[in-house]
1. Given the residues B:242, B:238, B:182, which is the only one that is buried (at least 19 other Cβ atoms within 10 Å of the Cβ), out of contact with any Leu (no Cβ under 7 Å at 6 or more places or on another chain) and at pLDDT below 95?
2. Among the residues of segment A:171-179, is any of a type in the set (Ser, Thr, Tyr) and either surrounded by fewer than 17 Cβ atoms within 10 Å (Cβ to Cβ) or under 21 Å from residue A:28 (Cβ atoms) (or both)?
3. Can you give me the number of residues within segment B:255-308 that are away from every other protein chain (no Cβ under 14 Å), more than 18 Å from residue B:321 (Cβ to Cβ) and β-branched (Val, Ile, Thr)?
4. Can you find a residue in segment A:58-66 that is touching a residue at least 24 places away in the same chain (Cβ under 8 Å) and not assigned by TED's automatic domain parsing to the domain that holds residue A:207?
5. Quick check on segment B:216-235: of everything there that is touching a residue at least 24 places away in the same chain (Cβ under 8 Å) and surrounded by fewer than 17 Cβ atoms within 10 Å (Cβ to Cβ), which residue is farthest from residue B:64 (Cα to Cα)?
6. Given (1) part of a helix (DSSP H, G or I); (2) out of contact with any Cys (no Cβ under 9 Å at 6 or more places or on another chain); (3) within 14 Å of chain B (Cβ to nearest Cβ), identify the lone condition not met by residue A:254.
7. Which one is nearest to residue A:85 (Cα to Cα) among residues in segment A:1-59 that are modelled with pLDDT under 90 and basic (Lys, Arg)?
8. Within segment B:29-46, how many residues are buried (at least 16 other Cβ atoms within 10 Å of the Cβ) and not basic (Lys, Arg)?
Amino acid sequence: MLSRVAESLFWIGRYIERADNIARLLDVNLNILIDFKDLNDSRLVEHWEPIIRSTGDWDLFKSLGYKSSSRAATDFLTFDRENPNSIINCLISARQNARIIRDQIPSEVFEAINDTYLDLRDSGSEEVWKEGPYQFYQKIQTFSQLFQGMVDSTVVRGLGYYFMETGKFVERADKTSRILDIKYHILLPSVTDVGGVVDTAQWTAVLRSCSAFEAYHRNYVTNVDSALVTEFLIFSARFPRAIRFSLSKVIENLHLISNKREDRFSNEAERECGRLFSDLTYISVDDVLEQGLHEYLDYLQTRLNSVGEAIGETFFSL
Amino acid sequence: MLTIDLNMDFSKYEVDDFFDEMFEADGSVRPHYKALHARLKELGPKEMFQKQKAVDRAFLRQGVTFTVYNDDQGTERIFPFDLFPRIIPAQEWEFLEKGLTQRMQALNLFLKDIYSEQKIISEGILPREHVETAAHFRPEFMNVPVPKDIYIHICGTDLIRDRNGKYLVLEDNARSPSGVSYLLENRDAMKKVFPNFFPQSGTKSVDSYTEELLATLKYIAPDGVDDPVAVLLTPGVYNSAYFEHSLLARRMGIEIVEGNDLVVENSFVYMRTTEGLKRVDVIYRRIDDDFLDPQVFRKDSMLGVSGLVDAYRKGNVSLANTIGTGVADDKLIYKYVPDMIRFYLSEEPLLESVETFLASDDKEREYILANLEKLVVKSANEAGGYGMLIGPHASKAEIEEFRGLIKAKPRNFIAQPPISLSRHPTVIGEEVEGRHVDLRPYILCGKKISILPGGLTRVALRKGSLVVNSSQGGGSKDTWVLYGDS
């Protein structure tokens, strides 16, 4: 497969996963606002700032002159073409890559992407707010599910598929780590509130943002507990949005790409990813909390970036 | 003014003083359109227009689009598709096939000759200066061997019909003609929307085009390569025809590559893959000669591959079409195609060309300058409807501008009498009106010459316009070749 084509497929996987995560993040956080008591402007700032920070685009948000309101956050993360990670830009990039390599993907997959792009291009924040953002973000998430279902059921298992999957899971690991980090940035009204109602609501929002609320409860038959949520979202080998699960999928696909059956690594991408995966296998949630969740997630993101870079150097920049 | 009574509102349809593809001058329906005409009668008045909208939406959804340059409104548009099909009866098509095959043979023999012995010059048929001043003549490729002596593998000849319905060749397009993908998509769309329009006696299929194209590419592989790897070289996703490049590559199952995907080592061409370099034997290139190789042609080309021409000269990679075919597209050379047919094949040309006056000839230039308001003036080396003066429709200022241009550089211009292209009923808004059409059949030249039945019918959607190019308000129609004559 051409390196350029592989790169396009990798990024289609990433961009659609990214759009999906942003849509869920907004969906959940708009939803929980309704439960807030005494909602005022400063509370809204406290609510949205960590979320926008988690996307890594806080500075851009400020420099574009936005104030932290629900409308501003939605506009910035959904429709703003100045924001390279807005949903619209994710869709534009996914579609552009799909156009480039449309000979590599089934027509129905291309059409699904194109359709959603055309839809989104024609809708603006005005009407989304009029009709209620819930439906809109559901639509984006449904598209992402449709895309994944179509890919799963129509794409030949070969390099193209493996690169798309690799992109998807690299992005997912990154996004889950960022969503988890949101909790760090949220200031609780006071120290005594730890473990209180507000704290629990926030951890619940984190779980929901990762579609993990129900899965968490099936796994731990107990209340929402910060250490358990952390453990679940980082280390679970069975929950498909957990970081460790995602990394296991990245490794699996990297091995399918190199088609080497040795138990050792055959390229830098496999090496970086394998090392991170084994770290996650042998570290405990206590280790993480001792180090500090935010510090650990910071470190994790650096490592995830190295995985992404190693994939780029191994396959895309010959 | 003539009116025709039809259930689908043809009552206002006017044949006017043109050759109409569907209606005789007296308003009766031509035999090969009778079956379609009968089916149209069963159609509710609005149905055609609703279906038209549905097809437009489907094309947008499927990304069947072309890119409009200098247009920031999304930059992609669908190539308007008109649901009213154009029909060609079997006998007429047989004649066209013969005429085009003959022309194709002569053009390939001409290119072989002009890049080697140049007999056509030494025997006084074609003046040397016409060839040597042609912008796309490549003297540096004299005597470079070409696989199987085929220069043009893919050709898209433009045909028009005059007031009497006679087919004329307008231009040959021997470089890299585009549009075939729209033809393939048009047929798919037509089959979905109006399956019961197609005559029971059958319409010749267009499906095998990409198979034949792949066979043609493999046929011209360098000697000794048993299982050649062919690729399609595109300028990239921003090119207006990218959709087409990608469709053809997809249907052939070959890689679509950009210049940066290819690399030349030791005079062999390779593509960069995730598993390392892989050898490439045949390149269906959709970029012009000028951009192929910055070492040889334009130094600023970002689209090409450094060293490609060297690999080509050494016979390590084949190009479709070969370098230098553009000389056959030159509008001065065009005038001599009938002579070529006589010279190389000892046959009389079956298809006529449009009468052409050369501004570089003193006498003919005098005639041109005296009759500018009656003639169509064309640049010798432009395609796509650019650089053209349509005298009868031009303003005084435009005519004077061309007068200056012609006097300054006579070699660059030719003139032809305006041909009142045939017209065809076309869906315009919620009416059916006559619009001018041409026909571009696609010819493949490999082991044998094969012509895709029909071709792309382009239609000038603007009222009265003769310009059918997609970049200038043109649309297209599905084109049916019947197995019989009615």
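The values are calculated or read from the model by the stated rules, or taken from the named source; none is laboratory data. Note that the coordinates shown come from a computational prediction; the quantities given were computed from them, not determined experimentally. Backbone-built Cβ (ideal geometry, glycine too); neighbour counts: all protein chains shown.
1. Details: B:238 fails: buried (at least 19 other Cβ atoms within 10 Å of the Cβ); B:182 fails: out of contact with any Leu (no Cβ under 7 Å at 6 or more places or on another chain).
The unique qualifying residue is B:242.
2. From segment A:171-179, those of a type in the set (Ser, Thr, Tyr) are A:176-177; that's our starting set.
Then keep just the ones that are either surrounded by fewer than 17 Cβ atoms within 10 Å (Cβ to Cβ) or under 21 Å from residue A:28 (Cβ atoms) (or both); that gives A:176-177.
Among the residues of segment A:171-179, at least one is of a type in the set (Ser, Thr, Tyr) and either surrounded by fewer than 17 Cβ atoms within 10 Å (Cβ to Cβ) or under 21 Å from residue A:28 (Cβ atoms) (or both), which makes the answer yes.
3. Count: 1.
4. In the first step, residues of segment A:58-66 are kept if they are touching a residue at least 24 places away in the same chain (Cβ under 8 Å); the result is none.
Within segment A:58-66, none of the residues are touching a residue at least 24 places away in the same chain (Cβ under 8 Å) and not assigned by TED's automatic domain parsing to the domain that holds residue A:207.
5. Residues of segment B:216-235 that are touching a residue at least 24 places away in the same chain (Cβ under 8 Å), as a first pass: B:216-223, B:225, B:228-235.
Those left that are additionally surrounded by fewer than 17 Cβ atoms within 10 Å (Cβ to Cβ): B:223, B:225.
Working: B:223: 37, B:225: 35 Å.
Of everything passing the filter in segment B:216-235, B:223 is farthest from residue B:64 (Cα to Cα).
6. (2)
7. In this case the residue turns out to be A:53.
8. Initial filter on segment B:29-46 (buried (at least 16 other Cβ atoms within 10 Å of the Cβ)): B:29-30, B:32-33, B:35-37, B:40.
Next, from what is left, pick out any that are not basic (Lys, Arg): B:29, B:32-33, B:35-37, B:40.
Residues that pass the stated criteria total 7.
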